[in-house]
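Undergrad: Below: one structure in structure tokens.
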Amino acid sequence: MAAGALVDAIDVVIDELFDDVHTLEDDVHTLEGEESTVGECDGSLWHLEDLPERYVLQYDTRFARRFLVTVIAMTTRFTAGNFGQLSCIAEELALRLLLRQANANLELFGLLEMGVSAALATFADSVYEDMDHEWLYDDSMDGIDESVVGSTLGVAPMSFEAWFTPFNEGRYVHPSAADEPGASAGAVSS
């Protein structure tokens, strides 16, 4: 049941992320002629507003497309049977959205039983390398990745610029979502 809920969540989240991209594309600030960000968007969004709020003004159409490609590439690996671990922070955040959607769908139909919930938690534990990405939702933890404490704990860089950077050379990030050549963020370890 947990696997089915996750597959259903994949369809829902991808469809709704397409809607989010379209909403951002259509929400152009006419006075400036610039694309909107999630923080400025007048339209309704499904999932992009659920990403860490501190970066809401950086979630523009280009970001939304990269994030959508990341979700599609990650979920393709899930369903192809060759998935190991998540590759980058953007994938960690995407899985958070998928798990939340799977839980909501199960709860809606009264199917979120202890065994199903435990199966989803076991899946998450097996693919998340750590839960550091959750700190992105806690403003008091902003910058921990750049601190002595973060270095001691082995926290990977979590700045917005590092979200599409593979944790290491063995991790796959789709070329359409990957950092552009010459970008300041290099491969990081998690």
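Undergrad: In square angstrom, rounded to the nearest 10, how much accessible surface does MET158 have for a 1.4 Å probe?
TA: Accessible surface of MET158 is approximately 10 Å².
Undergrad: What FRET efficiency comes out for the pair ALA121/HIS22, r = Cβ-Cβ distance, R0 = 41 Å, nearest 0.05?
TA: 0.80
Undergrad: Could you put GLU40, GLU34 in order of accessible surface area, largest first, with the 1.4 Å probe and the full protein assembly present?
TA: Ranking GLU40, GLU34 by accessible area, largest first, yields GLU34, GLU40.
Undergrad: Given the Cα-Cα distance of SER44 and LEU57 and 0.36 nm per residue of separation, how much length would full extension add, in nm?
TA: 3.1 nm
The values are calculated or read from the model by the stated rules, or taken from the named source; none is laboratory data. It should be emphasised that the depicted structure is a prediction, and the values quoted were computed from it without experimental measurement. In this analysis, Cβ positions are derived from the backbone assuming ideal geometry, glycine residues included, and neighbour counts consider all displayed protein chains. We work out accessible area using only protein heavy atoms, side chains counted, and drop any ligands, DNA or RNA first. Shrake-Rupley method; radii C 1.70, N 1.55, O 1.52, S 1.80 Å.
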